[in-house]
Amino acid sequence: AEAEPVRRVGGLLRVTHQAVARGDGVEQVLWQLWTESGLQDKLLKQVERGGSLAAQADRDLDAVVALFDAAGRYVDRLPRASVASFADYLGAQRIAGDTLAPAAVPGDGVSLLTAHAAAGREWTVVAVAGVQEGAWPDLRLRGSVLGVERLKDLMAGVDDDAVSQTAPILAEERRLFYLAMSRAKQTLLVTAVSGEDEQPSRFLDDLEENGADDGGLDSRMKPPGRSLVLAELVGELREVVCDDKAEPARRRRAAKQLARLADAKVPGAHPSTWYGLLPASSDEPVHPPGDLIRISPSTVEILTKCPLRWMIERHGGSDPAQLAAVTGTLVHGLAEAVSSGRTEAELQAALDEAWVRVDAGAPWFSRRERRRVEQMLQNFVTWLERSRAELKEAGVEQDIEVELPAGGSDEVRVLLRGRVDRVELDADGRPVIVDIKTGKVPVSGADAEAHPQLAAYQLAVLLGAIKGSNEPGGAKLVYVAKANNKTGATERSQPPMDEVGGKQWLELVRDAAASAAGPDYQAQENPDCDRCPARGCCPLRPEGRQVPGP
């Protein structure tokens, strides 16, 4: 399987060699190579799925189009050129060419060049833009992926000190910066941005120390001028209109210009599209009083932590196609197959069949994830074997459903239902809930004892959701991604729930269900905020905090 990419490349090289041998032109050879690669359908499917892979697929398609455009321009210029000469032409380019225009810039045009390409040339005015720390100088170590250059230095006895490796790079970056500045005959403009995430380059300090002349060095931080971007103009006009302290005449002029832009269908110009001005579309709860609210034990966990996250994820705010979710579902399916008596060969065949449909990105990453899934499966098998002395299997992927008893004057009706990964029986015949987790970081022992999902399952047992016994024997989280020498997989346990604990959790589950009824959903800070998929819409997070209303 690992040699498959090499075989595909070899096949494409044979196709290319045959096309060149037939005397096909540059464009014909490229087209045959493209069609034989099969990348078209793959990239188009990635674009349709959306997400980060779609953005990468867009860039890949743009690169292919640019390659064919370059081939067309090259053939127009040299109709009888060979494929080898076209490859040499592309390899010699420092900046990709996109027109047949001559190298000299006509009239009052501007040359856009890298510092290397500017060597040996001069201009009256030179602008060196984006002189930011981390970009210029760029002190990343150069070399191959395997670090062959570093290995040669070590074998030659050269000091492997980080400073000794970066010092030559810093010197080269400084020479390159001076080269760019020295291209100016009369006026030099060097720009940088100073903000929370970006800082000007250290090279600007060299300018302040050595660059003063009779006219002085102007290093002032100048306020930005008015942008020529239409969206920023709309924003500026809206700011004036909504400012109660602005002069009435100025506000009227801004409103008039916004009306003109709105008539021209400019996005954001019409007040009906302004966030915070329109009233809420409805203030009715999602579940009216007396309605039956259906929640699962996993829902109880999310609602207990943050009702807003639950609402956003419930209505499309999470991506079920994420690799972690896909592999989690796959591991649960394989664990179920283990319990049904499938052999190791059958499990591997099932994994092979399923993994073909998993989009794990780069081949090396896909292979790593595949090995991780295999290890999780092995950890589960080991846990299953070693836990038989204490537990006896009573059910796999077992559905539970129970309506919570009414709580006095409480109008909330709650149906608790879900699917348990495994139901085991302890030595006393009591049901023990087992929930398989594929996450890499187990919760603490204290958190497991108060784990809402496990408690909701135990509450369901206490209320008779599992036939044969309404006395819970406890619950376990089994982290198959983290091996354990003793048990096979890391465990976290929750003690059996008694009647007192059952009453407490009954109220907590009712409260969770009430928070799901709406219409208001509160954002609650919790340890999962940094990795919450809904943080882009959360008012507690900088990236999700709403702009102030007028």
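The values are calculated or read from the model by the stated rules, or taken from the named source; none is laboratory data. In this text the structure is predicted, and so the values were computed from the model without any measurement. Positions of Cβ are backbone-derived with ideal geometry, glycine not excepted, and every protein chain shown enters the neighbour counts.
Given the condition in the same structural domain as Ser298 (by TED's automatic domain parsing), touching a residue at least 40 places away in the same chain (Cβ under 8 Å) and outside any loop (DSSP other than H, G, I, E, B), answer yes or no: does some residue in the range 462-473 qualify?
Yes, because at least one residue in the range 462-473 is in the same structural domain as Ser298 (by TED's automatic domain parsing), touching a residue at least 40 places away in the same chain (Cβ under 8 Å) and outside any loop (DSSP other than H, G, I, E, B).
Within the group Gly502, Gly488, which residue is at pLDDT below 90 and not charged (D, E, K, R)? Working first, answer last.
On the way: Gly488 fails: at pLDDT below 90.
So the residue among Gly502, Gly488 that is at pLDDT below 90 and not charged (D, E, K, R) is Gly502.
Condition check: crowded, with 18+ Cβ neighbours inside 10 Å, among the aliphatic types (A, V, I, L, M), part of a strand (DSSP E or B) and touching a strand residue (DSSP E or B) at 6+ places or on another chain (Cβ under 8 Å). Does Leu416 satisfy that? Break it down into steps so the answer makes sense when it comes.
Details: crowded, with 18+ Cβ neighbours inside 10 Å: yes; among the aliphatic types (A, V, I, L, M): yes; part of a strand (DSSP E or B): yes; touching a strand residue (DSSP E or B) at 6+ places or on another chain (Cβ under 8 Å): yes.
Yes; evaluated as a whole, the condition is true for this residue.
Can you tell me which residue among Val286, Val300, Val266 is among the β-branched types (Val, Ile, Thr), at pLDDT 85 or above and outside the structural domain of Ala465 (by TED's automatic domain parsing)? Break it down stepwise before answering.
Values: Val286 fails: at pLDDT 85 or above; Val300 fails: outside the structural domain of Ala465 (by TED's automatic domain parsing).
Testing whether each residue is among the β-branched types (Val, Ile, Thr), at pLDDT 85 or above and outside the structural domain of Ala465 (by TED's automatic domain parsing) leaves just Val266.
For Thr273, which of the numbered conditions (1) at pLDDT below 90; (2) surrounded by 13 or more Cβ atoms within 10 Å (Cβ to Cβ) fails to hold?
Unmet for Thr273, out of (1) at pLDDT below 90; (2) surrounded by 13 or more Cβ atoms within 10 Å (Cβ to Cβ): (2).
Output the residue which, of all residues in the range 11-44 that are touching a residue at least 24 places away in the same chain (Cβ under 8 Å) and among the β-branched types (Val, Ile, Thr), is farthest from Ala55 (Cα to Cα).
Checked the range 11-44; the qualifying residue farthest from Ala55 (Cα to Cα) is Val20.
Would you tally the residues in the range 92-132 being modelled with pLDDT under 70 and either touching a Pro at 6+ places or on another chain (Cβ under 7 Å) or of a type in the set (Val, Ile, Thr) (or both)?
Residues in the range 92-132 being modelled with pLDDT under 70 and either touching a Pro at 6+ places or on another chain (Cβ under 7 Å) or of a type in the set (Val, Ile, Thr) (or both): 3 in total.
Name the pairs whose Cβ atoms lie under 6 Å apart, with the first residue in the range 62-74 and assigned by TED's automatic domain parsing to the domain that holds Gln40, the second charged (D, E, K, R) and assigned to a helix (DSSP H, G or I), and 6 or more positions between them or separate chains?
Matching pairs, first to second residue: Ala71/Glu27.
Tell me, which helices (runs of 4 or more DSSP H) lie completely within the range 246-317 with 2 or more residues that are without any contact (Cβ under 8 Å) to a residue 24 or more places away in the chain? Steps first, please.
Values: elements: 248-263, 297-305, 307-314.
Where helices (runs of 4 or more DSSP H) fall fully within the range 246-317 and carry at least 2 residues being without any contact (Cβ under 8 Å) to a residue 24 or more places away in the chain, they are 248-263.
Do you know which of the residues in the range 446-465 that are closer than 30 Å to Val373 by Cβ and not small (Gly, Ala, Ser) is surrounded by the most Cβ atoms within 10 Å (Cβ to Cβ)?
Filtering the range 446-465 for residues that are closer than 30 Å to Val373 by Cβ and not small (Gly, Ala, Ser), the one surrounded by the most Cβ atoms within 10 Å (Cβ to Cβ) comes out as Tyr457.
Yes or no: Ala465 over 22 Å from Arg388 (Cα atoms) and touching an Asp or Glu at 6+ places or on another chain (Cβ under 7 Å)? Working first, answer last.
Details: over 22 Å from Arg388 (Cα atoms): yes; touching an Asp or Glu at 6+ places or on another chain (Cβ under 7 Å): yes.
When the stated conditions are applied, Ala465 passes them.
Confirm whether Val443 is surrounded by 18 or more Cβ atoms within 10 Å (Cβ to Cβ), touching a residue at least 40 places away in the same chain (Cβ under 8 Å) and aliphatic (A, V, I, L, M).
On the way: surrounded by 18 or more Cβ atoms within 10 Å (Cβ to Cβ): no; touching a residue at least 40 places away in the same chain (Cβ under 8 Å): yes; aliphatic (A, V, I, L, M): yes.
Criteria not met by Val443.
So which residues in the range 345-403 are surrounded by 13 or more Cβ atoms within 10 Å (Cβ to Cβ), touching a residue at least 40 places away in the same chain (Cβ under 8 Å), under 23 Å from the mean Cα position of the chain (by Cα) and part of a helix (DSSP H, G or I), if there are any at all?
Once the filter is applied, which keeps residues that are surrounded by 13 or more Cβ atoms within 10 Å (Cβ to Cβ), touching a residue at least 40 places away in the same chain (Cβ under 8 Å), under 23 Å from the mean Cα position of the chain (by Cα) and part of a helix (DSSP H, G or I), the range 345-403 yields Arg367, Glu369, Arg372, Val373.
Against the conditions (1) surrounded by fewer than 19 Cβ atoms within 10 Å (Cβ to Cβ); (2) farther than 30 Å from Glu374 by Cα, where does Lys486 fall short? Just the number, please.
That leaves (2) as the condition not met.
Say we look at the range 428-462 and pick out the residues that are of a type in the set (Val, Ile, Thr) and closer than 21 Å to Ser387 by Cα; which of these is farthest from the chain's Cα centre (by Cα)?
Of all residues in the range 428-462, those of a type in the set (Val, Ile, Thr) come to 432-434, 436, 438, 441, 443, 461.
Among the residues that remain, those that are also closer than 21 Å to Ser387 by Cα are: 432-434, 436, 438, 443.
Details: Val432: 37, Ile433: 33, Val434: 31, Ile436: 25, Thr438: 19, Val443: 24 Å.
Among those that are of a type in the set (Val, Ile, Thr) and closer than 21 Å to Ser387 by Cα, it is Val432.
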